[in-house]
Amino acid sequence: AQSVTQPDIHITVSEGASLELRCNYSYGATPYLFWYVQSPGQGLQLLLKYFSGDTLVQGIKGFEAEFKRSQSSFNLRKPSVHWSDAAEYFCAVGNTGGFKTIFGAGTRLFVKA
Amino acid sequence: DTEVTQTPKHLVMGMTNKKSLKCEQHMGHRAMYWYKQKAKKPPELMFVYSYEKLSINESVPSRFSPECPNSSLLNLHLHALQPEDSALYLCASSGPGNYGYTFGSGTRLTVV
């Protein structure tokens, strides 16, 4: 069965510091992988996605993620965090060509001045 | 237009009321979704419409009734809800193949 694990419930980083949010997935075939961001009281916004090809994918707002099949991971990174990046981040895996997307529990990012 | 618009943004209803949530997109997406999100939890899939036909119902109680009048509109009709149904209800849409969703900003529902 598909599953997504985000090991960190919350992370605090200083503004200007680098960020890495962890995501591990379980899926029988090549997964469709996503990162979404949600600000308080808002909907989710797609940051980036991976389907195939280059394992390092670039997204919006300066985020990138790297797919590592051997580690079943899809970690999200940003070289320099801004205060506006404080939000909830969800990793998700989708079934190929289908309509179901499984979301991880989320990681809440706090940014300190 | 790259948005999914949900109305109303906030809704308070009694347990005997009937209300509807509305969702609209003009991106030509043919798949539309309803998700329910409780505080500090990830979204949970409720319904999926594909080409205006119900494709997935995740065993949602019948007090929630979805409707897709056309390819741009998605409704969620609510009747006899319980306080535990209070949540953020999110609408989303996607193109073919599940290449990522565009979400609306949600309706914050409170059942009293």
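Every number here is computed from the coordinates shown, using simple stated rules; none is lab data. Model, not experiment: these values are computed from the prediction. When we count neighbours, we look across all protein chains shown, and the Cβ atoms used for this are built from the backbone with ideal geometry, even at glycine.
A few comments on the model shown:
- Count Lys and Arg as plus one, Asp and Glu as minus one, and take only other residues whose Cβ is under 15 Å from that of A:Thr107; the net charge is then +2.
- The protein assembly as shown shape via C-alpha gyration tensor axes, a/c threshold 1.5: prolate
- Lysines whose Cα lies under 23 Å from that of B:Lys9, excluding same-chain neighbours fewer than 8 positions away: B:Lys18, B:Lys19, B:Lys22, B:Lys36, B:Lys38, B:Lys40, B:Lys41
- Charge dipole of chain B (Cα centre as origin; +1 on each Lys and Arg Cβ, -1 on each Asp and Glu Cβ, all else neutral): 300 debye, rounded to the nearest 20.
- Antiparallel DSSP beta bridges within the protein assembly as shown, as percent of all bridges there, nearest 5: 90
- Note on chain B: with a GNM built from Cα contacts shorter than 10 Å, the maximum mean-square fluctuation among B:Met32, B:Met15, B:Met46 falls on B:Met15.
- Cα centroid separation, the stretch B:57-75 to the stretch B:87-110 (Å): 13
- Total lysine pairs in the stretch A:32-113 at Cα distances under 19 Å, for residues eight or more apart or on different chains: 8.
- Note that chain B, at 4 °C in a medium of 1.567 mPa s, gets a Stokes-Einstein diffusion coefficient of 93 µm²/s from its Kirkwood radius over C-alpha pairs.
- Proxy reagent accessibility, fewest Cβ within 10 Å first, across B:Lys18, B:Lys36, A:Lys100: B:Lys18, A:Lys100, B:Lys36
- Of the GluC sites (Glu not before Pro) found in the stretch A:1-97, those in coil by DSSP whose Cβ has at most 15 other Cβ atoms within 10 Å are A:Glu15.
- A simple rule links phi to the HN-Hα coupling: the Karplus curve 6.51 cos²θ - 1.76 cosθ + 1.60 with θ = phi - 60°, which for the stretch A:61-72 gives 6, x, 8, 9, 9, 10, 8, 10, 5, 5, 9, 6 Hz, with x for Gly and Pro.
- Long-range amide H partners of A:Ala87 with built H, under 5 Å: A:Leu109
- Positive-end ranking of A:Gly28, A:Phe74, A:Ile60 along the dipole of chain A, with charges on Cβ about the Cα centre, is headed by A:Gly28.
- Of all DSSP bridge pairs formed entirely within chain A, close to 85 percent run antiparallel.
- Residue order, fewest to most surrounding Cβ atoms within 10 angstrom, among B:Ser93, A:Ser84: A:Ser84, B:Ser93
- Gyration tensor (alpha-carbon) shape descriptor, chain A, a/c threshold 1.5: prolate
- Inter-chain shielding of B:102-112 (mean C-beta neighbours from other protein chains, 10 Å cut-off): 2
- HN-Hα J in Hz across the stretch B:100-112 - Karplus 6.51, -1.76, 1.60, θ = phi - 60°, x for Gly and Pro: x, 9, 10, 9, x, 7, x, 10, 8, 9, 10, 9, 10
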